[in-house]
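Presented below is the structure to which this report refers.
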Amino acid sequence: MKKIILLAVAVMTLSAASAQVTVKGSKIYDNISVTLKGGIVSPYQHYAFWKNARGVAGIELRKQVTPILGLGIEGEWSINTSSWQKPYGEHPSVWGPHCKNIFDHQLVGGFGTVSLTNLLLGYLGIPRTLDVEAVAGAGWWHAYNTGIVAGPGEDPVEFADKNSWYTKAGLNLNWNVGESKALTVSLKPAVVWYMGRQSTQSTNAFNANCAAVEIEAGLTYHFKNSNGEHYMTLCPMRYTQSDLDAINAQVNDLRNQLSNARADVDAANARARRLQQELDECNKRKNKVEYITETNVVDNSVENLETNVYFEIGKSVVSAAQMPNVERVAIFLKNHPEATCIIKGYASKDGPEDLNIRLANNRAKAVYDLLIGKYKIKASRIKSEGNGISEMFSEPEWNRVSICTIQNKK
């Protein structure tokens, strides 16, 4: 008994250690299964095994506490194969007590299981295809022995049912089938001891003379757990306090970064609103074309005139308000067939540099396309190029411009 207690303590310790990392799908209502089983039972000794075997059927309801330890209750009933009209002993006129029911014995009790596979090899987070369990149990044993014994000239004597308790030990050879591991097919060999002696002695009998061998097959269905699976899944190992402190420090740093980012976004939104207001005011102003004559030129026969076409922030489309400036350039070129035009596009320094370079090129090309497409100026008289970022003017939005320089040969 002392060895059994020490073994139970060791199993519980290992099970508790396994439970430290197996926390998903291990709530109190998780890992419930039901098993239907059936097979044969026969006396352990003094009888031919197969000749005296009879059918047995049962049901189990089980809770898997950890990947190693399981607890459950069961009920079993053995099929009666005795005949009522069977001689009792060697005397042909004496009839023995034999059960008249369908079942001649029943067992109802509890049991515990220990997964030897997970105990020795560890649990992988999913049941293995083959799992070997040790089983031990105890409970109430009942025999339906109602019958009559009568000798020649004797009054019949009735024999009542018998009640006792039993113990049980065996193995479960489990095959977990299916992708979801919801079903288990088992082979269940076991030995059952009937603890009340079949004699006038009142002491318990824990020996082979009062034992039977069971060989059963079982089909188990595992109900779905709170983790969405039909079995326990592993969680990461527990963090130490230093790990938690490091994680908290990272969380606090991310919170500070988020707060700073929100402040930057608010500042950027305020600046965008201010720039939009300035742009709206700029669009309300009347545009005028300024003709600038450069006196210090290489060829004194050429007179350079400039016209500015302004654009909205982030855009390269000529607005309706700027179309008069484009048309002035077109009218001048039509009136002076010998004149040519160079269009240089610019962008402000606000925003990514690569985006501003594309905007500068597209702004120059927008004016170029209008002069050729709308006003039918020959492409050979016009040259467009993007000059990138400009800081010619004090106001950023004034630098979002295409400058048309007209070269007129006198």
Next on the checklist: For the stretch 237-282, which positions are free of Cβ contacts under 8 Å to residues at least 12 places away in the same chain and not in a helix (DSSP H, G or I)?
Outcome noted: 239, 240
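State the number of residues belonging to the stretch 357-405 that are of a type in the set (Phe, Trp, Tyr), within 25 Å of residue 335 (Cβ to Cβ) and either assigned to a helix (DSSP H, G or I) or touching a strand residue (DSSP E or B) at 6+ places or on another chain (Cβ under 9 Å) (or both). Spell out how you get there, then give the answer.
Looking only at the stretch 357-405, we keep the residues that are of a type in the set (Phe, Trp, Tyr), and these are 368, 375, 393, 398.
Going one step further and asking which of them are within 25 Å of residue 335 (Cβ to Cβ), we end up with 368, 375.
Now narrow it down to the ones that are either assigned to a helix (DSSP H, G or I) or touching a strand residue (DSSP E or B) at 6+ places or on another chain (Cβ under 9 Å) (or both): 368.
So the count comes out to 1.
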Checklist entry - For the stretch 388-410, what are the residues that are buried (at least 18 other Cβ atoms within 10 Å of the Cβ) and closer than 30 Å to residue 274 by Cα? => result 390, 397, 399, 400, 401, 402, 403, 404
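Tally the residues that are in a strand (DSSP E or B) and at pLDDT below 90, restricting the search to the stretch 43-63. Even if it seems obvious, please write down each step before you answer.
Taking the stretch 43-63 first, the residues in a strand (DSSP E or B) are 43, 54-63.
Still in the list and also at pLDDT below 90: 43, 54.
Result for the stretch 43-63: 2.
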Item to check | Residue match in the stretch 385-399 (condition: modelled with pLDDT of 90 or more and either assigned by TED's automatic domain parsing to the domain that holds residue 278 or more than 58 Å from the chain's Cα centre (by Cα) (or both)) | outcome: no
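Here's the yes/no breakdown for (1) hydrophobic (A, V, I, L, M, F, W, C); (2) closer than 18 Å to residue 305 by Cβ:
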{"position": "315", "(1), (2)": "no, no"}
{"position": "322", "(1), (2)": "no, yes"}
{"position": "326", "(1), (2)": "yes, yes"}
{"position": "355", "(1), (2)": "yes, no"}
{"position": "384", "(1), (2)": "no, yes"}
{"position": "403", "(1), (2)": "yes, yes"}
Item to check | Which numbered condition residue 99 misses (of (1) modelled with pLDDT of 75 or more; (2) under 24 Å from residue 215 (Cα atoms); (3) of a type outside the set (Lys, Arg)) | outcome: (1)
Item to check | Only listed residue being at pLDDT 80 or above, part of a strand (DSSP E or B) and assigned by TED's automatic domain parsing to the domain that holds residue 39, chosen from 164, 180 | outcome: 164
Checklist outcome for this item: Only unsatisfied item for residue 356, checking (1) crowded, with 19+ Cβ neighbours inside 10 Å; (2) under 18 Å from residue 283 (Cβ atoms), is (2)
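Given the residues 244, 234, 219, which is the only one that is at pLDDT 80 or above, within 47 Å of the chain's Cα centre (by Cα) and surrounded by 15 or more Cβ atoms within 10 Å (Cβ to Cβ)? Please lay out each step first, then the result.
On the way: 244 fails: surrounded by 15 or more Cβ atoms within 10 Å (Cβ to Cβ); 219 fails: surrounded by 15 or more Cβ atoms within 10 Å (Cβ to Cβ).
Result of the check over 244, 234, 219: 234.
How many of the residues in the stretch 318-346 are polar (S, T, N, Q) and either on the phi > 0 side of the Ramachandran plot or assigned to a strand (DSSP E or B) (or both)? Before you say what the answer is, go through the steps one by one.
Filtering the stretch 318-346 down to residues polar (S, T, N, Q) leaves 319, 322, 325, 335, 340.
Filter once more, so that each one left must be either on the phi > 0 side of the Ramachandran plot or assigned to a strand (DSSP E or B) (or both): 340.
Residues flagged as polar (S, T, N, Q) and either on the phi > 0 side of the Ramachandran plot or assigned to a strand (DSSP E or B) (or both) within the stretch 318-346 amount to 1.
The values are calculated or read from the model by the stated rules, or taken from the named source; none is laboratory data. Since this is a predicted model, take the numbers as computed values, not measurements. Note that each Cβ is placed from the backbone with ideal geometry, even for glycine, and that neighbours are counted across all protein chains shown.
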